[in-house]
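**Student:** Before I ask anything, here is the structure I am working with.
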Amino acid sequence: MKCGPSMAYRVSLSGPAETDAYAAFERIREAAPRHAEKWLTRLFAAIFTLDQNPARCPVIREAPELGFTARHLLYGKGRGVYRIIFHIREDEQHVRVLRIWHAFRDAITAADVEDDE
């Protein structure tokens with residue numbers, strides 16, 4: 001069997017995920033103003049790598065409680081690690097980013113990932 005080139009997935013952010021990204025940016029800007037813009041640019045670059053092989057990322061431990069296969073991509077380092085939590089809609093070739101959750105926060109719940117789409 002011969003494999004062809006992989007199709008790119010469409011990547012989009014839910015309203016809550018966008019809010020999470022800009023809230024984190026504001027917190028970082030308060031603490032380290034010179035680094036905040038670079039952090040945000042790199043966050044979005046990391047998110048958009050999900051257009052290729054998003055299943056490379058592990059299923060999150062909260063998935064059974066959520067009722068669907070949510071995955072995460074880790075971004076950052078040290079105490080500044082964020083979980084980019086997303087769902088792959090294979091039938092649509094679509095990756096929907098649901099939340100951008102600080103790794104040290106409590107576990108995510110179904111109420112936290114209600115999609116606005």
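Coordinate-derived values only; no laboratory data. Quick caveat: nothing in here was measured; it's all calculated off a predicted structure. In this analysis, Cβ positions are derived from the backbone assuming ideal geometry, glycine residues included, and neighbour counts consider all displayed protein chains.
**Student:** Relative contact order for the chain using alpha-carbon pairs under 8 Å, separation at least 6, rounded to a whole percent? Present the calculation step by step, with values, prior to reporting the outcome.
**Tutor:** Numbers: 168 pairs, mean separation 34.5, N = 117.
Over the chain, the number comes to 30 percent.
**Student:** Something else: Once phi is turned into ³J(HN,Hα) by the Karplus curve 6.51 cos²θ - 1.76 cosθ + 1.60 with θ = phi - 60°, what whole-Hz value does each residue of the range 31-44 show in order, with x for glycine and proline?
**Tutor:** Along the range 31-44, the couplings run 7, 8, x, 6, 9, 4, 5, 5, 4, 5, 4, 6, 4, 5 Hz.
**Student:** Could you list which residues have their amide H under 5 Å from that of Gln52, counting only those 5 or more apart in sequence or on another chain, with H placed in the peptide plane?
**Tutor:** Tyr9
**Student:** Same structure, new question: Work out the length of the dipole vector of the chain about its Cα centre, built from +1 on the beta-carbon of each Lys and Arg and -1 on the beta-carbon of each Asp and Glu, and round it to the nearest 20 debye.
**Tutor:** Charge dipole, the chain, about its Cα centre: 780 debye, nearest 20.
**Student:** Give me D for the chain in µm² s⁻¹, whole number, from Stokes-Einstein with Rh from the Kirkwood sum over alpha-carbon pairs, 25 °C and 0.890 mPa s.
**Tutor:** 165
**Student:** What's the longest piece of the chain with no exposed chymotrypsin sites (Phe, Trp or Tyr not before Pro), counting a site as exposed if DSSP puts it in a loop and it has at most 14 other beta carbons within 10 Å?
**Tutor:** 1-67
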